[in-house]
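Here is the structure we will look at.
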Amino acid sequence: MRAALLPGVGAPLEIVERDDPMPGPGEARVRIEACGVCGSDLFLQKGGFGVEKLPVVPGHEAAGVVDLVGPGVTEVSAGDQVAIYYIENTADAPRPNLGPNVRRMGVDVDGAFAEYVVRPVSTLIRPSGYVEPATLAVLTDAVGTAYHALVRIAQVKPGETVAVLGVGGVGSNAVQVAKTLGARVVAITRSAEKQDLARLLGADEAVSIADAAEAIGGYGADVVVQCAASAEMDEAAIALAGFAGRIVFVATTPESFSTRASTLVWRELTLLGSRGFTIADIEAVIDLYLAGKISTDHLTARLRPLEEANEALEDLRAGRVMRSVLVP
Ligand SMILES: [Zn+2]
């Protein structure tokens with residue numbers, strides 16, 4: 001099979017020939033039909049997950065068709081369409097997406113910038129109806145991450161005002177998911193183009209940071225979703241929250257932010273971290289998509305063959321796309 005290998009920190013991906021992987025007991029081989037290229041892949045390339053992770057085949061946002069199953073596997077069979085949950089974890093993990101034994105496809109083990117991957121069947125999700133492969137791939141991470149932050153972590157309620165800072169691959173979907181929860185949504189981005197996209201995806205208002213407090217109105221936002229990776233925006237997120245506000249951090253930056261205890265105390269603010277997503281989140285967003293409640297058109301407009309993996313990363317780095325999807 002062909003795979004796009006990241007040989008070392010800062011290096012371009014190389015197309016390599018590998019033996020087709022064979023599934024063992026409890027595993028299935030998936031023929032990859034689509035794999036999203038996201039900011040985490042750029043982070044991996046920069047050495048962000050650690051130099052010792054490389055070389056590795058990236059790719060954690062994937063969908064395909066089961067092609068071969070290992071001995072004793074009955075949960076899936078050849079021909080089944082599946083989305084892939086990129087994490088393997090141990091039964092004693094505190095949460096499915098957390099813990100010391102998390103093994104991430106495309107970071108800790110070879111990922112889906114490849115024609116095939118072998119995965120434990122426990123990480124495969126069969127959608128309740130057919131979904132286009134590129135859509136199924138981006139639902140897992142780009143939409144699942146937003147869903148996890150809003151539903152599991154911030155627990156947004158109908159009628160709340162949700163401010164979304166940053167309208168990129170995750171923030172754009174935080175806008176959509178917050179609308180499905182019955183929230184009033186203020187999207188915050190300096191880009192006029194992204195403000196338009198946010199409105200198209202249902203934002204009640206889309207403004208730049210200078211106009212955010214006025215657009216949010218009242219005493220501030222009930223929930224602020226921080227999807228813009230900078231310490232300055234971390235601090236802006238805290239400033240935009242109202243009394244009893246929750247600030248959920250999704251984007252990460254190596255820079256520290258600062259606040260005062262009095263800021264948190266006087267407004268009884270809650271600072272929350274949201275890491276990735278779980279299988280339950282993927283199932284939920286697939287169902288939202290199949291019910292016509294969310295769109296992925298803004299994420300799947302740019303399809304590229306595996307051979308153009310470097311161009312896909314470059315498009316993302318330059319901010320020309322929110323996602324590219326590789327179709328191996
Ligand atoms: Zn990702």
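Values in this text are rule-based calculations from the coordinates and carry no lab data. Values in this document were obtained by computation on a predicted structure and should not be read as measured data. Neighbour counts are summed over all protein chains in view; Cβ atoms, including those assigned to glycine, are modelled from backbone coordinates with ideal geometry.
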Per residue of region 74-88, in order, report the coupling 6.51 cos²θ - 1.76 cosθ + 1.60 (Karplus, θ = phi - 60°) as ³J(HN,Hα) in whole Hz, putting x for Gly and Pro.
-> 10, 5, 9, 9, 3, x, 5, 6, 9, 9, 10, 7, 7, 9, 10
Could you give me the ³J(HN,Hα) list for region 305-322, computed from phi with Karplus coefficients 6.51, -1.76, 1.60 and θ = phi - 60°, whole Hz, x at Gly and Pro?
-> x, 3, 4, 9, 4, 5, 5, 5, 5, 5, 4, 5, 4, 7, x, 7, 9, 8
Would you work out the relative contact order for region 174-312, in percent, from Cα pairs under 8 angstrom that are 6 or more residues apart?
-> 16
Which lysines, on any chain, are close to Lys179 with Cα under 25 Å apart, when same-chain ones fewer than 8 places away are left out?
-> Lys157, Lys194, Lys293
Semi-axes, largest first, in whole Å: what does sqrt of 5 times each Cα gyration tensor eigenvalue give for region 1-120?
-> 23, 18, 12
Compute the separation of the alpha-carbon centres of region 264-319 and region 174-200 and state it in Å as a whole number.
-> 14
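Counting helices only, and only those DSSP H runs with n ≥ 4, report the 222 nm mean residue ellipticity of the chain as the sum of -39,500 (n - 2.57) divided by its residues, in deg cm²/dmol to the nearest 500.
Mean residue ellipticity at 222 nm (helix-derived): -6500 deg cm²/dmol.
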In Hz, Karplus ³J(HN,Hα) per residue of region 11-16 (6.51, -1.76, 1.60; θ = phi - 60°; x = Gly, Pro) = 7, x, 5, 10, 7, 10
Region 185-255 - percent relative contact order, Cα under 8 Å, separation 6 or more | 26
Mind sorting Arg103, Arg95, Arg302 by how few other Cβ atoms lie within 10 Å of their own Cβ, fewest first?
-> Arg95, Arg103, Arg302
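Counting only DSSP beta bridges with both residues in region 37-192, tell me the antiparallel percent, nearest 5.
Close to 55 percent.
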Footprinting proxy, Arg260, Arg29, Arg18, Arg323: sorted fewest to most Cβ within 10 Å, the residues are Arg260, Arg18, Arg29, Arg323
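With an 8 Å Cα cut-off and a minimum separation of 6 or more residues, compute the relative contact order for the chain in percent.
For the chain, the relative contact order is 19 percent.
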When all alpha-carbon pairs of region 183-304 are counted, what percent fall beyond 21 Å?
-> 49
Long-range HN-HN contacts of Leu5 with modeled amide H, under 5 Å | Glu14, Ile15, Val16
Taking N as the number of residues in the chain, the ratio of its alpha carbon radius of gyration to 2.2 N^0.38 Å works out to 0.99
Tilt relative to the chain, helix 171-180 - C-alpha long axis, 0 to 90 degrees, to 10 = 70
Any residue on another chain or 5+ positions along whose placed amide H is under 5 Å from the amide H of Val117 is listed here as Val30, Ile32
With everything on Cα atoms, drop me the angle between helix 279-290 and the longest principal axis of the chain, reported from 0 to 90° to the nearest 10.
-> 80
If R0 = 22 Å, then Arg18 and Arg126, at their Cβ-Cβ distance, give a FRET efficiency to the nearest 0.05 of 0.25
Neighbourhood charge, 15 Å Cβ-Cβ cut-off, centred on Leu181 and excluding it, Lys, Arg +1 and Asp, Glu -1 = +1
Would you please give the residues with an amide H less than 5 Å from that of Ala228, counting only those at least 5 places away or on a separate chain, with H modeled from the backbone geometry?
-> Ala251
In degrees between 0 and 90, to the nearest 10, how far off the longest principal axis of the chain does helix 231-240 point, with axes built from Cα atoms?
-> 50
